[in-house]
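Take a look at the structure below.
The values are calculated or read from the model by the stated rules, or taken from the named source; none is laboratory data. Every value quoted in this text rests on a predicted model; they were computed, and no experiment measured them. Every residue, glycine as well, gets a Cβ built from its backbone with ideal geometry; the counts of neighbours run over all protein chains shown.
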Amino acid sequence: MSKHTSIRNLIYFLFLTLIASCDDGDIIITSFEFDDVDLQLCTGSKENEFVFFKINESINEAISYNFISDTYSETTVTPTPITINLDNTTNSLIYRQFSATITADYYCSNIPPADILVNEELVGASGIAEIFNEIIQEDDNDGVPAEDEDINGNGNLEDDDTDGDGIPNYKDQDDDNDNILTSVELPNNIPDNDDPRDSDGDQIPDYLDDDDDNDDKLTRNEDSDANGNPLDDFLDENNRITPLYLDPDADNAEVIVAPSKNNTVQTTFRTTVTVNQLMFDGDNANFEDNSFSFGFRDITVSITTEL
Ligand SMILES: [Ca+2]
Ligand SMILES: [Ca+2]
Ligand SMILES: [Ca+2]
Ligand SMILES: [Ca+2]
């Protein structure tokens with residue numbers, strides 16, 4: 001075969017391919033390639049509308065699922081999954097191929113970029129979307145890793161509550177209810193030594209000790225100005241050296257102060273989105289991925305509760 005013949009054949013082949021794809025007017029997809037990209041979320045233009053989407057930048061493709069729900073929020077646990085039937089209006093799964101790389105703005109901005117064209121589009125004809133939101137992690141960020149707040153060592157973090165305030169230690173910013181945060185009581189200021197500080201040497205680390213100088217006066221009551229902070233109370237305000245709660249020889253009177261009521265927990269929510277029994281029309285009626293998983297999306301927020 002001459003060089004010219006083979007080039008001509010190639011051109012002919014390309015021409016045929018072009019005809020086939022133009023004539024068809026529809027694309028044939030057997031599966032989607034979005035496993036390795038992050039699930040993203042935007043609020044839609046309609047009230048209570050959410051748009052979950054994944055963008056595969058390397059192939060200029062994206063898949064989205066938009067729905068309307070007055071019960072879904074990223075920070076609300078769904079006791080049972082929310083299920084919604086696709087209806088192609090307010091609840092749609094849409095796959096698109098673009099002329100260029102898109103960004104999240106394509107879904108999140110009210111005005112989509114004008115210079116990006118949709119080359120191909122597939123809309124799910126029917127299917128059942130399942131949206132599930134759960135808490136996967138809670139931590140008080142107090143400097144003690146959650147697993148180390150398993151005081152009784154039984155592997156269950158929920159039943160360790162040193163100070164009896166109803167909050168398990170791994171979610172309690174002040175584990176001994178002495179009004180000094182664990183994050184403040186923990187450091188021992190000794191380089192290369194991870195042992196928590198124990199000021200009075202009673203083998204109870206300060207962050208779990210409600211009487212840090214062992215003078216039989218509760219730390220939270222060694223708060224002369226009763227402002228809820230024992231760190232700013234000294235025997236001699238001019239020569240501030242050791243706070244009263246760490247000074248066993250100070251003759252300060254006890255002031256009855258209640259434990260602080262506010263507690264802040266870093267909470268990670270995970271939303272998982274799946275569209276089951278997914279069907280397309282026409283040339284894609286034999287689509288194989290009829291249970292399409294969008295994967296999950298995590299969001300971490302600070303939640304402050306009042307005891
Ligand atoms: Ca804690
Ligand atoms: Ca303490
Ligand atoms: Ca004390
Ligand atoms: Ca004080």
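General observations
- When restricted to residues that are at pLDDT 95 or above and surrounded by fewer than 14 Cβ atoms within 10 Å (Cβ to Cβ), the stretch 277-299 contains 2.
- Verdict on residue 177 being modelled with pLDDT under 95, within 15 Å of ligand 2 (Cβ to nearest atom) and not hydrophobic (A, V, I, L, M, F, W, C): no
- Residues located in the stretch 224-235, provided they are within 38 Å of the chain's Cα centre (by Cα) and touching a residue at least 24 places away in the same chain (Cβ under 8 Å): 226, 228, 229, 230, 231
- Close pairs from the stretch 189-200: first closer than 19 Å to residue 145 by Cβ, partner aromatic (Phe, Trp, Tyr) and modelled with pLDDT of 90 or more, Cβ under 9 Å, at least 6 apart: 196/207; 197/207
- Evaluation of residue 242 against (1) touching a residue at least 24 places away in the same chain (Cβ under 8 Å); (2) over 29 Å from residue 128 (Cα atoms); (3) in contact with a strand residue (DSSP E or B) (Cβ under 8 Å, 6 or more places away or on another chain) (one fails), failing number: (1)
- Contact map, the stretch 138-153: residues that are more than 15 Å from residue 184 (Cα to Cα) paired with residues that are near ligand 1 (Cβ under 9 Å from one of its atoms) and among the aliphatic types (A, V, I, L, M), Cβ distance under 7 Å, separation 6+ or inter-chain. Pairs shown: 139/146.
- Applying the condition of being charged (D, E, K, R), farther than 18 Å from residue 137 by Cβ and within 13 Å of ligand 2 (Cβ to nearest atom) to the stretch 151-174 and asking which residue is modelled with the highest pLDDT yields 174.
- The set of residues in the stretch 191-220 being out of contact with any Pro (no Cβ under 8 Å at 6 or more places or on another chain), farther than 13 Å from residue 176 by Cβ and within 16 Å of ligand 4 (Cβ to nearest atom) consists of 217 alone.
- In the stretch 76-116, the residue that is modelled with the highest pLDDT out of those that are under 26 Å from residue 284 (Cβ atoms), in a loop (DSSP other than H, G, I, E, B) and touching a Ser or Thr at 6+ places or on another chain (Cβ under 7 Å) is 86.
- Pairs with Cβ under 6 Å, 6+ apart, first in the stretch 160-174 and closer than 18 Å to residue 219 by Cα, second within 16 Å of ligand 4 (Cβ to nearest atom) and hydrophobic (A, V, I, L, M, F, W, C): 173/181; 174/181
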